[in-house]
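Where a number appears in this text, it was derived from the coordinates with a stated rule and is not lab data. Fair warning: this is a prediction, and the values are worked out from it, not measured in the lab. Counting neighbours? That spans all protein chains shown, and the Cβs are built from the backbone with ideal geometry, glycine included.
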Ligand SMILES: Cc1cc2nc3c(=O)[nH]c(=O)nc-3n(C[C@H](O)[C@H](O)[C@H](O)COP(=O)(O)OP(=O)(O)OC[C@H]3O[C@@H](n4cnc5c(N)ncnc54)[C@H](O)[C@@H]3O)c2cc1C
């Protein structure tokens, strides 16, 4: 038992000591959280943040679709937002959305309401909070194109309303400070669109994804950012890494910027495979790939 554990403030949400994080990530790897906290709602979360013991590390995960949790687990309190953060409300061109709402649900809800501009979100398997932190995007659109502002709590539980400029959003990047938590956001779409037309765009995106990405595998999506003027998958392919394996970790045959946990891979296997890919790409092209996947936690406790 860690010494701050019995000093955690009383909350309406749930504390889960030693929670397995692997089951909250797409890769299905990684050690436990010292404590997983599931806040009930924004007030509960703000109360936790302003009353937490000094020095306790805080981390946040969304749907776990772009994270690699190390095998040694994550120290401190890992926060995962749930139902109290997943509301979706449309008012004319504005979408008021909780940070735990899934991108796909948002896209389909907007389709039904005839609100265009959110089609690109349909194939991104994360939450709105994760999408803002990562400036997620696909098919020529990014969350920064539709974000009006995000409601954010800082490490002391103070509320901030941050715009695209405040967040300095660019390709798969935002300047959201470490540990700050997006709780909800206002996005802007194009109202009065034909749901059928939006639906057709969505179907096309889904078909394209199915044929080009291993979307049913245990993966973390794009492993590396595309370097300026280059495609990471092409550099990886050219370096001869398609299908490369380490233990049960593999570079996808279908889309070689995706790593796969075939069954029993560890975070160590996946990270070492990624580093081997970086080494080979550097050797063959002189380009140093940058990880897009966020690595969390400490490497091993053994
Ligand atoms: C099959 C597959 C396909 C994918 N395709 C795409 C794609 O086309 N385009 C794309 O951009 N990405 C894609 N991804 C990657 C991923 O889905 C996105 O990055 C997504 O936005 C991550 O959201 P998440 O909720 O899963 O965040 P997580 O993976 O849980 O976390 C990612 C980062 O966001 C932070 N975070 C999460 N929630 C919050 C919050 N509420 N407040 C503050 N920080 C938060 C975490 O701390 C972490 O740093 C894909 C992934 C998979 C597995």
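May I ask you to sort 194, 103 by Cβ crowding, counting other Cβ atoms within 10 Å and putting the fewest first? Walk me through the numbers before you get to the answer.
Working: 194 11, 103 26.
Fewest-to-most Cβ neighbours within 10 Å comes out as 194, 103.
Return the FRET efficiency for the residue pair residue 112, residue 54: r is the Cβ-Cβ distance, R0 is 51 Å, and the value is rounded to the nearest 0.05. Provide the component values of the computation, followed by the final result.
Values: r = 47 Å, r/R0 = 0.91.
The calculated FRET efficiency here is 0.65.
How many nm separate the modelled label positions at residue 299 and residue 275, each set 7 Å beyond the Cα in the direction of the Cβ?
The answer from the label model is 0.5 nm.
With the cut-off at 1.5 for a/c, could you classify segment 5-80 from its C-alpha gyration tensor as rounded, prolate or oblate?
Values: a/c = 2.25, a/b = 1.64, b/c = 1.37.
Prolate is the answer for segment 5-80, as a/c is 1.5 or above and a/b outweighs b/c.
Taking the DSSP beta bridges in segment 5-80 as the whole, what percent of them are antiparallel, to the nearest 5?
Working: 5 of 13 bridges.
Antiparallel bridges: around 40 percent, rounded to the nearest 5.
Where q = 0.15, 0.23 Å⁻¹, what log10 of I(q)/I(0) comes from the Debye formula for segment 186-255, counting one point per Cα?
-0.70, -1.07
Classify the chain: rounded, prolate or oblate, from the alpha-carbon gyration tensor (a ≥ b ≥ c, eigenvalue square roots; a/c under 1.5 rounded; otherwise prolate if a/b is larger than b/c)?
Values: a/c = 1.85, a/b = 1.06, b/c = 1.75.
It comes out oblate by the Cα gyration axes.
Counting only DSSP beta bridges with both residues in the chain, what percent are antiparallel, rounded to the nearest 5?
Details: 37 of 48 bridges.
Bridges in the chain that DSSP calls antiparallel: roughly 75 percent.
Just want the ordering: 104, 279, 111, 216, from fewest to most Cβ atoms lying within 10 Å of their own Cβ.
On the way: 104 17, 279 14, 111 23, 216 7.
Ranking 104, 279, 111, 216 by Cβ neighbours within 10 Å, fewest first, gives 216, 279, 104, 111.
Using label points projected 7 Å from each Cα along Cα→Cβ, tell me how many nm separate residue 166 and residue 291, to one decimal.
Label at residue 166, label at residue 291, 2.9 nm between them.
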